[in-house]
Amino acid sequence: MPERKIRVMVAKPGLDGHDRGARVLARYFRDAGFEVVYTGCHQTPEQIASAAIQEDVDLVGLSCLSGAHRALFPKVVQLLREKGASDITVIGGGIIPEQDFPMLYEAGIKAIFTPGASLDSIVEWIKTNIKPH
Amino acid sequence: MDSLVKKICAGDVRLASRLIRDIEDKLPEAKAKIKKLYAYTGKSFIIGITGAPGAGKSTLTDALIAALRKKNKTVGVLAVDPTSPFTGGAILGDRIRMQRHAEDAGVFVRSLATRGALGGLSHAAGDAIHVMEAMGKDIIIVETVGIGQQEIDIINHAHSVVVVLVPGMGDEIQTMKAGLMEIADVFVVNKANRPGTNQLQTELASMLNLASKNGKGWQPPIVMVGDAFEPGAFAEKIAELERKIEEHHKYLIESGKLTERMHRKAMAEINDALSACLLEPVIQKLASTGELDSFAEKIKSRKADPYTVAEEIAKNYFIRQDKK
Amino acid sequence: MYFSDKTRKASLRLTEEWEKDVQTSLKDNPEQKTRFSTVSDMEIKRLYTPEDIHGINFEKDVGVPGKFPYLRGNQATGYRGRYWTFRMFSGMGSAQDTNRRWHMLLREGQTGLSTAFDFPTLMGYDSDSPKALGEVGKCGVAIDTLEDFLALVEGIPLDEVTTSMTINPPATVLWAMYCAAAQIKGVPLAKIGGTIQNDMLKEFIAQKTFMCPPEPSVKLISDTVEFGAEHVPRWNTISISGYHIREAGSTAVQELAFTLRDGIEYVEDVIRRKKLPVDDFAARLSFFFNSHIDFFEEICKMRAARRMWAKIMRNRFGAKNPRSLWLRFHTQTAGCSLTAQQPYNNVVRTTIEALAAILGGTQSLHTNSLDEVLCLPSEHAVEIALRTQQILAEETGVANTIDPLAGSYFIESLTNEMEEKAWEYIEKIDAMGGMVAAIEKGFPQMEIADAAYKFQHQLEAGEKIMVGVNKYVTDNQHTIPLVEIEERIGEEQIKRLKDIRRKRDSRAVKKSLDDIRNTCKKGDNVMPYCIEAVRNLATLQEICDVYREVYGEYKDPGLF
């Protein structure tokens, strides 16, 4: 039966290894019926963008708890654009102060989920906003 | 040349990955695209890697990629992970161990979920290989799901099959049970610094002796790979593995076995295509009209048996279509 | 614990009567939940009675402080002799920025220093590495060379204040910098005191700050233990850490078990590799636990840990020196219990957690600042956190008597239960061939991932509560001022680093790096060569790159 499955990537850019949230989320996405590619920790934006294209995911969820999101999140979006993959949605999560939201939205991050966001709300957001390619 | 074909043959990763996805999702247009691509496939050398979970398949694949890249070979990897039967979702985690190659344009790693397939691969694996072949990859590595079931679909797709075992996991017995002895062209005893290594090696060697009494043809070699964390020694062992695989490839060509395997592969492809072109559309149609459910009801209440139902469906669909 | 027959009989009779009353009352007034459990999901009974602790042998299992099994504390005088060390984890921006914060904390009554490094430093990269993009100075202080380090400890009396450094893969390098700084300031190594975290096993298990594979990582740790035993006797060369295991989502029992099993692994490695007698180094092993929000569970965990380690050292390793049997530990309140929502509530959480650590008998304490879930702590927030400790120590009277909860039916029973469950884990890991083998199998990682997933589900289902997150949620947010690390700090740091690279003696650098390489290959102790290299202004990454080259690089296996 033809069926477009939602494919997502959970990625951890930067050097922090706090992957509790990313891993819990990856499992939760699987249980929501998505196919989830997980990159592991310590990824460069280049690795993430290139993996996202190779895997043809609809969405990349970036998790960063080190404060480097201001540099790393926009870089991923920019690289995807350069590689002609601006249709891949990028969302972010982690320790991100509200004052950084505008610059991240401006840079093309479509949604930001911070500590305490319920997993269901993230899944809901994806189901509402992502039409598989 | 069709523009899609042209682009994929030129190595366009985006289009290739999308086409693989169309195949996975069984979009009708995917078949048409594969038809056009088919003429450009068949030139890659395909290595299957199989073995129990935790055997270290992804780490070996990663190391093989590195070794092949040193020789300037382009590499495609299909890494298969299980789909949850409860939710339909999957975590595709194999590529984590290969991420260091993510930026290398000569390497294309694509993860596949089994989506209910039981033979260790995904239904899309065969055509995904075709896509990577059309892209001109010199080598394609197919890593099976490794849940320890009857993962022998790989022999229908790969030229050389590497079976990975680990000491101390009772693998010897598992291997025999799963029929992996018969499909292995090269054995890897991985993590061969662990207790039980000698025992595993001995048992494996004696099993191989038994299997090859006539002593003719290919004798599957055993490559002992130690701790992945001793960079020097590990790299040497991977080079040995790569050599053994290459020797096997040569053997296939020289002995004429390659044509045998290609024949087997073609048969399997016909089988898959028949299922995709005949069976699946029928089931789809039956499902959409609700007939499938009513047949199931009949069988459930023992008003009919599955064979009669199947014959009736065949009569209605195939025979009627024949007459048209 | 012994109860006379008369007491036991009375207890059984009264308990039976009480149970009848409860059953009657439950018919009309059911309890709020069908199952009561700790934050780690350990089931807690309605009532604990003498029956629950009757089997305890007072002399063997409880005893007095300062005596085996040290359940009640290492020191005979507890906090009456000396409070725990008030040690606030801090580090931000450049070495100068952090130095300023340190002086402020010492002025305000902090009694020990604790260093937070930024991620490039933690991972063994220089500030100008492409991997350091956006990270320099963000989560802690950026240190590339000895010059940064000297700026960090400017004006700090290294022979008086003890310093803890949260550093793992590059611990040899940062400790070498500390030693070199002391030498330059004329302080003998025998006089400096402090701690390097230097616990790689928990990195593979939980925090994922790794560089080289487990086996050589443990080798480098044993080097520091050996060097310390010989030259830096007041230094704690490993801080065997449960903190990060817990933060990664483990249960309290898992934290307890995996931490102690890590400790066993380190002791075994030093004995095997360095041929040191256990009593020569065991007293310099320290521990680091999390104090989470479930008050009693935490107290019991810490008490159990002390008793278990004493048993391990005595029975498993035959240690004779009482100090070898001591489990001395630092505690940090649980970062993962804090909420970004209604952040002022975090002060309350931290207070409760700090109290648990004190009642559990910690030797040293960091109290989280209310803003740490959002950013690095502001000066005001860190002051409140430090004052929290001072109020607990000096106003509340909780430190007046030692181990005040001992003998409680509930506390002793829960302590025992946690100990039993932790032994089960330890035996399981022993059977796997030790912690390195268990890590390679992914065992502790998966246990923690499962626990984290379960907790998240309980949270989503409202079975576990976080105020402000899944209950008492309000849109009316009190925002707090956030500390921001400016990008310019990274740029300046990179400029300083480039200047140093230009002005240093590059031949001396090359030679000292070659020395480290040869030492690694021979398997000898790297510490003396690291000190030499940092004195020649070799950078952190240059030394770490040698380790990566010789030992290989460890990558996240990403198990699910």
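Points to keep in mind about this one:
- Screening A:LEU15 against (1) of a type in the set (A, V, I, L, M); (2) surrounded by 24 or more Cβ atoms within 10 Å (Cβ to Cβ); (3) more than 7 Å from chain C (Cβ to nearest Cβ); (4) not in a helix (DSSP H, G or I) leaves a single unmet condition, (3).
- Across the range C:543-554, a minimum of one residue is classified as within 14 Å of another protein chain (Cβ to nearest Cβ), buried (at least 18 other Cβ atoms within 10 Å of the Cβ), at pLDDT below 95 and in a loop (DSSP other than H, G, I, E, B).
- Only one of C:GLU395, C:GLU419 that is of a type outside the set (Val, Ile, Thr) and within 28 Å of C:ASP199 (Cα to Cα): C:GLU419
- Count of the range C:11-25 residues which are open to solvent by less than 40 Å² (accessible area, probe 1.4 Å) and either closer than 21 Å to C:ASN57 by Cα or modelled with pLDDT under 95 (or both): 1
- Failed item, numbered, when A:TYR105 is tested on (1) surrounded by 23 or more Cβ atoms within 10 Å (Cβ to Cβ); (2) away from chain C (no Cβ under 13 Å): (1)
- Restricting attention to the range C:207-237, the residues that are more than 14 Å from every other protein chain (Cβ to nearest Cβ), of a type outside the set (Lys, Arg) and either touching a Cys at 6+ places or on another chain (Cβ under 7 Å) or over 20 Å from C:ALA437 (Cβ atoms) (or both) total 14.
- B:ALA63 fulfils the conditions (1) more than 18 Å from the chain's Cα centre (by Cα); (2) open to solvent by 20 Å² or more (accessible area, probe 1.4 Å); (3) assigned by TED's automatic domain parsing to the domain that holds B:SER160 except for a single criterion, (2).
- Residue in the range B:95-107 that is farthest from the other protein chains (Cβ to nearest Cβ), counting only those that are among the small types (Gly, Ala, Ser) and in contact with a helix residue (DSSP H, G or I) (Cβ under 8 Å, 6 or more places away or on another chain): B:GLY106
This table checks each residue for (1) of a type in the set (Ser, Thr, Tyr); (2) over 27 Å from A:ALA71 (Cβ atoms); (3) open to solvent by less than 10 Å² (accessible area, probe 1.4 Å).
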| position | (1), (2), (3) |
| --- | --- |
| C:THR111 | yes, yes, no |
| C:ASP126 | no, no, yes |
| C:LYS131 | no, no, no |
| C:SER164 | yes, yes, no |
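- Comparison of C:ALA422, C:ALA449, C:ALA437 shows that the only residue that is within 14 Å of chain A (Cβ to nearest Cβ) and open to solvent by less than 50 Å² (accessible area, probe 1.4 Å) is C:ALA449.
- Identity of the residue in the range A:118-133, among the hydroxyl-bearing types (Ser, Thr, Tyr) and within 14 Å of chain C (Cβ to nearest Cβ), that ends up nearest to A:GLY33 (Cα to Cα): A:SER121
- Of the residues in the range B:63-72, at least one is in a loop (DSSP other than H, G, I, E, B), farther than 24 Å from B:VAL189 by Cα and more than 12 Å from every other protein chain (Cβ to nearest Cβ).
- Filter result (within 9 Å of chain C (Cβ to nearest Cβ) and open to solvent by 30 Å² or more (accessible area, probe 1.4 Å)) within the range A:72-95: A:LYS75, A:ILE95
- Some residue of the range B:41-59 being more than 14 Å from chain C (Cβ to nearest Cβ) and in a helix (DSSP H, G or I): no
- Some residue of the range A:51-70 being open to solvent by 10 Å² or more (accessible area, probe 1.4 Å), modelled with pLDDT under 95 and hydrophobic (A, V, I, L, M, F, W, C): yes
- Residue in the range A:37-57 that is touching a residue at least 60 places away in the same chain (Cβ under 8 Å) and at positive phi present: yes
- Filter result (assigned to a loop (DSSP other than H, G, I, E, B), within 10 Å of chain C (Cβ to nearest Cβ) and closer than 18 Å to A:ARG7 by Cβ) within the range A:36-71: A:THR39, A:GLY40
- When restricted to residues that are open to solvent by 40 Å² or more (accessible area, probe 1.4 Å), within 12 Å of chain A (Cβ to nearest Cβ), over 17 Å from B:VAL109 (Cβ atoms) and assigned to a loop (DSSP other than H, G, I, E, B), the range B:1-28 contains 1.
- The one condition in (1) within 14 Å of chain B (Cβ to nearest Cβ); (2) under 23 Å from C:PHE227 (Cβ atoms) that C:PRO557 fails to fulfil: (2)
- Any hit, the range C:335-350, residues being within 30 Å of C:ARG101 (Cα to Cα), within 14 Å of chain A (Cβ to nearest Cβ), surrounded by fewer than 23 Cβ atoms within 10 Å (Cβ to Cβ) and touching a strand residue (DSSP E or B) at 6+ places or on another chain (Cβ under 7 Å): yes
- Within the range B:230-246, residues that are of a type in the set (D, E, K, R) and part of a helix (DSSP H, G or I) reach partners that are at pLDDT below 90 and surrounded by fewer than 18 Cβ atoms within 10 Å (Cβ to Cβ) with beta carbons closer than 7 Å, at six or more positions or on different chains, in the pairs B:LYS237/B:GLY226.
- Qualifying positions in the range A:18-44 - under 25 Å from C:ASP118 (Cβ atoms) and open to solvent by 10 Å² or more (accessible area, probe 1.4 Å): A:HIS18, A:ARG20, A:GLY21, A:ARG23, A:HIS42, A:GLN43, A:THR44
- Of all residues in the range C:69-109, those satisfying the criterion of being assigned to a helix (DSSP H, G or I), touching a residue at least 24 places away in the same chain (Cβ under 8 Å), over 17 Å from C:HIS380 (Cβ atoms) and open to solvent by 10 Å² or more (accessible area, probe 1.4 Å) are C:GLY78, C:TYR79, C:ARG80, C:GLN96, C:ASN99, C:LEU106.
- If the condition is being among the aliphatic types (A, V, I, L, M) and either more than 7 Å from chain A (Cβ to nearest Cβ) or open to solvent by 10 Å² or more (accessible area, probe 1.4 Å) (or both), then the range B:108-126 contributes B:LEU112, B:ALA117, B:LEU118, B:LEU121, B:ALA124, B:ALA125.
The values are calculated or read from the model by the stated rules, or taken from the named source; none is laboratory data. Only a predicted model underlies this, so the values are computations on that prediction, with no experimental measurement involved. For neighbour counting, all protein chains shown are included, and Cβ atoms are generated from backbone atoms with ideal geometry for every residue, glycine included. Areas reflect the complete protein model, heavy atoms only, side chains present, ligands, DNA and RNA absent. Shrake-Rupley method; radii C 1.70, N 1.55, O 1.52, S 1.80 Å.
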